[in-house]
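One structure is given here, and the rest of the page talks about it.
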Amino acid sequence: METELKEILNDLKSLQNSFSDPSLHSQFDKIRCRIESLVSLAKSGPMHRSKVKDMSAEVVDSNPYSRLMALQRMGIVENYERIRQFSVAVVGIGGVGSVAAEMLTRCGIGRLLLYDYDKVELANMNRLFFRPEQVGMTKTEAAVQTLSDINPDVVFESYTMNITTIQGFETFMSSLQNKSFNPNKEGSGVDLVLSCVDNYEARMVVNQACNELNQTWMESGVSENAVSGHIQLLVPGETACFACAPPLVVASGVDERTLKREGVCAASLPTTMGVVAGLLVQNTLKYLLKFGQVTSYLGYNALKDYFPTMEMKPNPQCSNSACLKRQEEFILAKPARDAAARTKIEAEALSSTESPVHADNEWNISVVDDSEFGVTNTGSSDVLPEGLAHELPSADGYENLPASEETSNPLDDLDDLRKQLETLNAEKS
Amino acid sequence: MEGWDPTTKSTLTQIPLLTTKAGPRDGAAWTQRLKEEYKALIAYTSMNKSNDNDWFRISAANPEGTRWTGKCWYVHNLLKYEFDLQFDIPVTYPATAPELELPQLDGKTHKMYRGGKICLTVHFKPLWAKNCPRFGIAHALCLGLAPWLAAEIPILVDSGMIKHKDDAASSSEV
Ligand SMILES: [Zn+2]
């Protein structure tokens with residue numbers, strides 16, 4: 001486009017020269033000015049940066065990682081460049097997931113796996129990240145378009161599907177297990193799963209997959225009234241899983257009875273979602289790059305600017321069998337964990353003569369004591385810190401419905417029952 | 001059972017309860033659960049018919065019984081409005097309820113998530129969670145879809161968002 005405009009400029013010049021009438025000159029000049037401004041517009045068009053082989057700490061305007069590598073120089077992070085080895089799966093590319101994905105992309109994460117089955121709608125424009133011209137595209141497709149422009153060094157994988165269906169779940173599981181990006185990695189193919197979905201059903205599915213794969217993950221959520229949110233770390237066997245107790249939510253302080261729900265399912269604010277995405281990725285960076293304290297639960301009450309935290313032990317009566325298996329493994333691994341903790345304390349005692357003891361970075365190595373398995377999450381709300389509440393009741397206390405009859409009889413024949421229903425269905429109402 | 005109208009409440013208590021806690025990935029246990037689902041659906045459908053309140057048809061769309069399709073209808077001002085009904089049994093079933101979809105109404109009401117999934121009341125999920133694994137598909141229809149249709153269809157019709165299929169002609173089906 002730029003070259004073509006320049007050719008037009010040349011043509012215009014020769015045309016102008018062929019006219020001797022000076023009264024026409026000002027008109028020619030006007031046209032020339034307009035073309036010149038188009039030339040400069042064409043020059044400033046989209047710029048695409050090329051891939052970078054190594055993260056450089058050099059402080060120059062052209063280095064996309066200079067400010068991140070400065071974290072290493074300042075001693076906050078020991079080895080920032082490790083971030084390029086990590087794979088993070090972001091489940092749900094909505095108001096929280098898309099922003100979290102952008103943050104990780106800008107931080108230079110190695111690989112991002114993106115899951116969503118939804119399309120971009122105009123109704124999403126009150127949130128960050130997606131742009132009006134992307135309306136109609138799948139969220140995964142639109143996200144990869146924007147993110148690979150921002151940082152072409154990141155490897156993107158997108159999965160446009162619903163993980164709660166049987167087929168979607170199988171694809172989800174196998175995508176998490178694929179190790180081709182980092183074949184030497186222990187465990188699954190990803191370092192962390194971030195759940196950024198907006199419903200209980202999908203969270204339970206992420207929980208199921210992570211319990212089965214022994215995969216550490218983080219949960220995030222924003223309330224339907226848009227004024228509270230939370231993030232939570234889940235380590236199978238070690239912390240409470242999502243099914244161990246009814247989900248914890250931050251009480252917004254708004255009386256449920258005065259909350260008007262007529263005509264809407266949910267409200268949303270870019271601010272609350274942005275804050276929660278920021279908290280989630282901050283915790284992710286701390287977990288992956290091993291700095292600071294990784295939080296196990298952090299709530300956000302936007303109306304009162306209150307941030308409750310808490311820790312939750314797994315429930316030995318959890319209804320999820322994969323969770324129970326992980327709990328058993330965690331208990332069996334206790335001696336090895338204790339030995340590792342002892343070695344670490346000794347090593348620190350040795351090095352402490354040279355440097356002051358810094359805060360314990362390892363969130364997961366607790367001081368060895370008998371209380372390790374003492375506090376368990378029973379799901380009762382009296383142990384919750386102020387400002388937190390359970391979203392759903394536990395399944396153990398059935399509401400006593402006077403049952404007419406129960407349906408269980410192993411002698412029933414499935415085909416027979418199916419035919420019975422079909423016969424009923426075929427009858428005229 | 002706070003927050004439910006007396007009809008829903010009494011209907012619900014007459015639907016047989018399920019006992020097997022199994023989802024579609026649980027092999028033989030799922031087959032057992034599926035039998036219980038059928039028994040509850042048969043009982044609920046027969047009950048509706050005998051009470052002159054027949055309002056849905058549902059059948060498994062695959063042999064595994066993980067996808068269900070059918071119809072549901074609602075009579076408003078003596079006219080019958082009928083809609084396709086579909087849903088998948090989630091992998092985490094019965095800990096989580098199936099998300100009922102009315103694809104023809106997608107985008108026509110705010111009381112719906114994208115894809116035509118109906119937006120359930122604040123009372124549904126707590127009751128489902130409390131009664132896991134005793135509630136099944138029939139209970140989800142009774143507690144979720146029936147109240148939703150009763151609340152939303154009159155609004156959709158009166159606001160002109162949905163029209164009767166043979167607007168003027170007398171409906172012989174009803
Ligand atoms: Zn658990």
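The values are calculated or read from the model by the stated rules, or taken from the named source; none is laboratory data. Since the structure is predicted, the reported quantities are computational estimates derived from the model, not experimental observations. Every residue, glycine as well, gets a Cβ built from its backbone with ideal geometry; the counts of neighbours run over all protein chains shown. Side chains are part of the model used for accessible areas, which takes the heavy atoms of the whole protein and leaves out ligands, DNA and RNA. Shrake-Rupley method; radii C 1.70, N 1.55, O 1.52, S 1.80 Å.
Odds and ends about this structure:
- Over the protein assembly as shown, dividing the summed -39,500 (n - 2.57) contributions of all DSSP H runs of at least 4 residues by the number of residues returns a 222 nm mean residue ellipticity of -11000 deg cm²/dmol.
- Axis angle, to the nearest 10 degrees, between helix A:334-351 and the longest C-alpha principal axis of chain A: 60 degrees.
- Extending 7 Å from the Cα toward the beta-carbon at both A:SER148 and A:LEU9 defines two label points whose distance is 3.4 nm.
- Extension gain for B:ASP166-B:ASP52 works out to 38.7 nm (0.36 nm per residue, less the C-alpha to C-alpha distance).
- Listed residues A:ASP416, A:ASP116, A:ASP61 arranged by accessible area, highest first, probe 1.4 Å: A:ASP61, A:ASP416, A:ASP116
- Entries in A:LYS286/B:LYS108; A:LYS428/B:LYS163; A:LYS313/B:LYS117; B:LYS35/B:LYS71; A:LYS51/A:LYS119 that, when Cα-Cα distance is taken, lie over 32 Å: A:LYS286/B:LYS108; A:LYS313/B:LYS117
- Taken about its Cα centre, the protein assembly as shown carries a charge dipole of about 880 debye when Lys and Arg each add +1 at the Cβ and Asp and Glu each add -1 at the Cβ.
- Distant-in-sequence amide contacts of B:LEU85, defined by a placed amide H-H separation under 5 Å and a gap of 5 or more residues or a different chain, comprise B:GLY70, B:LYS71, B:CYS72.
- Peptide packing: for A:205-213, A:292-300, A:273-281, A:167-175, the average count of neighbouring Cβ atoms within 10 Å per residue gives the ranking A:205-213, A:273-281, A:292-300, A:167-175, highest mean first.
- Computed E for A:ALA389/A:ALA267 - FRET, C-beta separation, R0 22 angstrom, nearest 0.05: 0.70
- Cβ-Cβ FRET estimate between A:GLU422 and B:HIS123, R0 fixed at 56 Å, reported to 0.05: 0.95
- Accessible area buried, both sides summed, chains B and A with 1.4 Å probe, Å²: 5100
- Counting only alpha carbon atoms, the long axis of helix A:270-289 and the longest principal axis of chain A meet at about 70°.
- Using the Cβ-Cβ distance between A:LEU414 and A:LYS43 with R0 set to 51 Å, the FRET efficiency from 1/(1 + (r/R0)^6) comes to roughly 0.15.
- Sequence-distant residues sharing a close amide H with A:MET312 (under 5 Å, placed H): A:ALA240
- Annotation for A:GLU2 and A:VAL60: the two label points, set 7 Å from Cα along the Cα-Cβ direction, are 2.0 nm apart.
- Accessible-area composition of region A:191-243, carbon plus sulfur, in percent [1.4 Å probe]: 40
- Region A:1-125 - accessible surface per residue (Å², probe 1.4 Å): 61
- Region B:126-136 - phi-based ³J(HN,Hα) in whole Hz, Karplus 6.51/-1.76/1.60, Gly and Pro as x: x, 5, 4, 4, 5, 9, 5, x, 7, 8, x
- Relative contact order of chain B, defined on C-alpha pairs under 8 angstrom at six or more residues apart (%): 22
- Per residue, region A:221-348 exposes 47 Å² of solvent-accessible protein surface, assessed with a 1.4 angstrom probe and all protein chains in place.
- The packing ranking of peptides A:236-242, A:191-197, B:119-125, highest mean first, is A:191-197, A:236-242, B:119-125, where packing means the average number of other beta carbon atoms within 10 angstrom of each residue.
- Three principal axis extents describe the C-alpha atoms of chain A; from largest down they are 103, 87, 47 Å.
- Think of the protein assembly as shown as a dipole: +1 on every Lys or Arg Cβ, -1 on every Asp or Glu Cβ, centred on the Cα centre; then among A:ILE166, B:TYR44, A:MET69, A:MET69 lies furthest on the positive end.
- Rounded to 10°, Cα long-axis angle of helix A:97-106 versus longest principal axis of chain A: 60
- Only Cα pairs under 8 Å and 6+ residues apart enter the sum, and on that basis the relative contact order of chain A stands at 13 percent.
- By the beta carbon rule, with partners counted only under 4.7 Å, chain B holds these lone Cys residues: B:CYS72, B:CYS132, B:CYS142.
- Mean Kyte hydropathy of -1.0 or more with a Cα span along the axis of at least 30 Å, helices from DSSP in chain B: B:28-50
- Mean Cβ count within 10 Å, highest first, over the residues of peptides A:301-312, B:130-141: B:130-141, A:301-312
- Per-residue mean of foreign Cβ neighbours for A:114-121 is 1 (Cβ atoms of other chains, 10 Å radius).
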